[in-house]
1. Looking at segment 35-83 only, could you name the residues that are in contact (Cβ under 8 Å) with a residue 60 or more places away in the chain, among the aromatic types (Phe, Trp, Tyr) and outside any helix (DSSP H, G or I)?
2. Taking into account only those residues within segment 1-49 that are β-branched (Val, Ile, Thr) and within 20 Å of Ile74 (Cα to Cα), which is modelled with the lowest pLDDT?
3. What do you reckon, is Phe37 aromatic (Phe, Trp, Tyr), over 26 Å from Arg24 (Cβ atoms) and in the same structural domain as Arg27 (by TED's automatic domain parsing)?
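The values are calculated or read from the model by the stated rules, or taken from the named source; none is laboratory data. Quantities reported herein were computed from a predicted structural model and do not represent experimental measurements. Note that each Cβ is placed from the backbone with ideal geometry, even for glycine, and that neighbours are counted across all protein chains shown.
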Amino acid sequence: MNSNFPSGRGIEAAVEDHTDSPFRVGRVFFFLVLLTFATFASLFIRQNFSNVWSHTTNILFVLLVAVAKASLVILFFMHWKYEKRWKFVLCIPTILLAIIAVIALLPDVAFESYERSSWHGP
């Protein structure tokens, strides 16, 4: 037996532990389709029940669904579920740069200075 693998069962067992079965991929695809239908359903709920489901609630719900779908894609189709802890070393600088970009662009969006720029003509 090869002792380089945590289970001690060898490379074949390690590959079997980290491969997605068609059943698992099918389940993830089913949840992605279900969440897509939930996004479309929120539009109809907003149109028919506007006294209960406000525009802000609809936006928050759609964003929550988008985060859930992105998480499923990242975890299963990009195989992040099976990666070691080094993935955080790659993500932390990216997250920090995204936060810095949002903070740096916030004054432009808040004061709508892009409408007064020369790009939009006279």
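1. Across segment 35-83, there are no qualifying residues.
2. Taking the candidates together, the pick is Val15.
3. No.
Conditions (1) modelled with pLDDT under 85; (2) surrounded by fewer than 10 Cβ atoms within 10 Å (Cβ to Cβ), marked per residue:
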site: Phe76; (1), (2): yes, no
site: Trp80; (1), (2): yes, no
site: Lys84; (1), (2): yes, yes
site: Pro93; (1), (2): no, yes
site: Leu96; (1), (2): no, no
site: Val102; (1), (2): no, no
site: Glu115; (1), (2): yes, yes
